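Input: a single structure, listed below in structure tokens.
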Amino acid sequence: MNRPTYERPAIVRHQMGLMNKFGRMDTVKPLTHVDGVAIDALVAEHGSPLFVFSQRTLINRYRELRDAFTRRLPRVRLAWSYKTNYLEAVCRTFHREGAWAEVVSPFEFQKAVRSGVSPDRIHFNGPFKPDLALAEAITGGAILHIDNFDEIGRIDRVAEQVGKWARVALRVNLAIDGLTAWSRFGVNLESGQAREAIARIVASDRLELLGLHTHIGTFILDANAHGMAARKLARFANEIRAEHGIKLSFLDLGGGFASPNTLKGTYLLGEQASPSFARYADAIADGLGELDYPTKELPTLVLETGRALVDDAGYLVSTVHATKRLPGGERALVMDAGVNLLFTSFWYDHAVVPAQETRGAPEPTVLYGPLCMNIDVLRESAKLPPLAAGERVVFRNVGAYNVTQWMQFIATRPAVVMIGTDGRVARIRRAEDVGDLTSHEGVPEWLS
């Protein structure tokens with residue numbers, strides 16, 4: 001006789017609801033389909049774990065951002081942040097919507113060009129731009145965002161070598177009340193460094209100053225912080241016009257908009273705490289109202305939004321490998337996906353739900369990955385119903401940074417699929433195997 005699997009009883013706190021003399025039991029709604037496509041079918045064809053991207057969500061988020069800002073400002077340019085997710089299918093989706101590219105390394109510059117982006121539609125950012133990369137960018141007409149004084153001299157020299165003008169912007173860091181300054185990048189505004197840098201750029205015969213750029217941080221939940229940054233950048237643009245007679249063609253407010261994710265240690269869920277694109281747009285437009293420019297000559301607002309466009313378009317499907325009870329009585333699951341794939345779980349409590357109908361009372365559950373490392377914890381506590389080995393869960397809002405920061409550590413990386421706007425499914429990155437790792441290795445003759 002087959003006995004049913006023993007499940008240890010659990011004490012679950014019930015909360016009293018209005019007009020209800022019984023306890024109110026929490027329920028967890030499963031996610032069985034993404035954009036109408038069954039998760040079971042996706043795993044059957046492509047395996048587990050599996051990243052899934054919704055092209056419909058990518059497009060909708062892009063258009064929502066674009067519309068929020070073009071309602072307030074006459075000229076807006078969105079430059080897709082490559083470091084957030086450089087899967088070609090994701091990048092091409094945004095470029096077809098009209099996005100430029102924002103890159104921070106020679107690799108990303110080449111990736112954008114291979115994705116069909118003309119170099120003169122690339123904002124080349126970051127603190128490290130070797131001479132060969134500068135030459136390629138200057139020759140192609142890319143906009144170089146200057147990070148430091150040494151870079152001014154190097155760009156000047158390389159521009160002379162290739163016989164071209166270099167199109168440049170100056171990245172500045174500035175103080176915003178309530179935020180830790182990102183002083184590592186760019187030159188400081190309040191100390192006067194930025195004014196010295198502008199004078200050096202203007203004195204060059206090879207540098208064409210097009211804009212200013214600042215990036216005040218990441219996952220900024222206070223839209224007014226962006227408004228303050230816009231105000232300071234606008235006032236600096238006014239100074240440059242008054243002192244040097246230069247009307248800038250753009251002001252770049254960088255990125256940092258929050259996604260629906262939930263930061264660890266915060267009281268509110270991400271969906272409640274994250275401002276809408278409209279709130280960011282209102283704050284930034286109000287700050288740019290400080291510009292002393294003729295209306296028809298107002299600079300273009302450039303945004304390098306990444307996370308807020310792609311995060312909620314990404315899903316990670318993972319299968320339960322084993323279940324256990326910890327010494328304190330908590331339920332725990334061992335999953336086939338770990339922090340090697342979901343690197344952002346160190347900072348976020350990703351929403352996680354079952355991928356099939358379940359029965360039983362939800363209780364706090366620890367989600368471990370498959371790695372032989374104590375830090376491999378995907379969720380320290382998630383309210384989930386009983387799940388058995390072989391059943392699946394879906395992590396939501398995982399589209400940003402995970403497929404650029406994932407690691408070949410202990411396990412190979414899985415496949416990635418995209419569901420198109422018409423419901424078709426395409427594999428946009430195949431699963432790796434051992435051969436992908438060893439193909440770059442060599443063995444000394446004496447070990448052959």
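The listed residues are E445, E432, and the only one of them that is on the phi < 0 side of the Ramachandran plot and assigned by TED's automatic domain parsing to the domain that holds E45 turns out to be E432. Scanning the stretch 315-325 turns up at least one residue that is surrounded by 15 or more Cβ atoms within 10 Å (Cβ to Cβ), within 21 Å of A415 (Cβ to Cβ) and either among the aromatic types (F, W, Y) or assigned by TED's automatic domain parsing to the domain that holds I216 (or both).
Would it be correct to say that A199 is surrounded by fewer than 16 Cβ atoms within 10 Å (Cβ to Cβ), part of a helix (DSSP H, G or I), without any contact (Cβ under 8 Å) to a residue 60 or more places away in the chain and assigned by TED's automatic domain parsing to the domain that holds S274? Here the answer is yes, as A199 does meet what is asked.
Checked against (1) surrounded by 15 or more Cβ atoms within 10 Å (Cβ to Cβ); (2) more than 31 Å from the chain's Cα centre (by Cα); (3) over 23 Å from L134 (Cα atoms); (4) not acidic (D, E), W182 passes all but condition (2). Taken as a whole, the structure places G98 among residues that are surrounded by fewer than 20 Cβ atoms within 10 Å (Cβ to Cβ) and over 28 Å from A431 (Cβ atoms). Note on the stretch 409-423: residues that are in a loop (DSSP other than H, G, I, E, B) and in contact (Cβ under 8 Å) with a residue 60 or more places away in the chain total 9. The listed residues are L209, L221, and the only one of them that is under 21 Å from I143 (Cα atoms), in the same structural domain as R72 (by TED's automatic domain parsing), of a type outside the set (V, I, T) and touching a residue at least 12 places away in the same chain (Cβ under 8 Å) turns out to be L209. Taking the criterion of being surrounded by fewer than 17 Cβ atoms within 10 Å (Cβ to Cβ), outside any loop (DSSP other than H, G, I, E, B) and not hydroxyl-bearing (S, T, Y), the residues of the stretch 378-400 that qualify are E380, K383. Considering the stretch 268-335, the qualifying helices (runs of 4 or more DSSP H), each wholly inside and each with 3 or more residues that are more than 21 Å from A351 (Cα to Cα), run over 277-288. Would you check which residues across the stretch 59-84 are aliphatic (A, V, I, L, M) and in a helix (DSSP H, G or I) and list them? Residues satisfying the conditions are I59, L65, A68.
The values are calculated or read from the model by the stated rules, or taken from the named source; none is laboratory data. Since the structure is predicted, the reported quantities are computational estimates derived from the model, not experimental observations. Heads up, the Cβs are rebuilt from the backbone with ideal geometry, glycines too, and the neighbour counts pull from every protein chain shown.
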